[in-house]
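The values are calculated or read from the model by the stated rules, or taken from the named source; none is laboratory data. Note that the structure is a prediction, hence the values are computed from the model and not measured. Neighbour counts are summed over all protein chains in view; Cβ atoms, including those assigned to glycine, are modelled from backbone coordinates with ideal geometry.
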Amino acid sequence: MRLPRKQSMSNRADFLRVRTDGQAKAGRLVVVSTLADPALPHLKVGFITTRKMGKAHDRNLLRRRLRALVQRHAHLLADPKRYLIAIPRPGSAGASFAELEADWLKQVKRLGLLSSK
């Protein structure tokens, strides 16, 4: 299943606002940043993969994995009216999907984004 285009962040100003005004938690494999915005109709997700991550196929793999994580766990978010940015760290391309998922979930929990369902 594909992440709908309406849930993707594409505006540079939104990325900058989340990085400067939002909260961020860094793990061993991924950095998760978030900013609540009551004006949003739904969750907006963005991924930042720089050349430090590796070659293009490694960056594409990381983006696919991060999209899958958001699709798998988005329903667990307590307040879906927010921006969410995931930035993989160098070396995360060599990690397994399970390791990436565990680190992503840990950072989301540290930010207090998961509901108590």
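Could you check segment 26-49 and list, in sequence order, the residues that are within 11 Å of the chain's Cα centre (by Cα) and assigned to a strand (DSSP E or B)?
Correct list: Val30, Val31, Val32, Ser33, Thr34, Lys44, Val45, Gly46, Phe47.
Considering only segment 1-18, how many residues are surrounded by 14 or more Cβ atoms within 10 Å (Cβ to Cβ) and either at pLDDT 90 or above or of a type in the set (S, T, N, Q) (or both)? Steps first, answer last, please.
Kept after step one, since they are surrounded by 14 or more Cβ atoms within 10 Å (Cβ to Cβ), are these residues of segment 1-18: 3, 7, 9, 14-15, 17-18.
Then keep just the ones that are either at pLDDT 90 or above or of a type in the set (S, T, N, Q) (or both); that gives 7, 14-15, 17-18.
Here the count works out to 5.
From the set of residues in segment 59-117 that are in a strand (DSSP E or B) and surrounded by 19 or more Cβ atoms within 10 Å (Cβ to Cβ), which is farthest from the chain's Cα centre (by Cα)?
Restricting attention to segment 59-117, the residues satisfying the condition of being in a strand (DSSP E or B) are 77, 82-88, 114.
Applying the additional criterion that residues be surrounded by 19 or more Cβ atoms within 10 Å (Cβ to Cβ) yields 82-88.
On the way: Arg82: 12, Tyr83: 9, Leu84: 5, Ile85: 4, Ala86: 3, Ile87: 7, Pro88: 9 Å.
Among those residues, the one meeting the criterion is Arg82.
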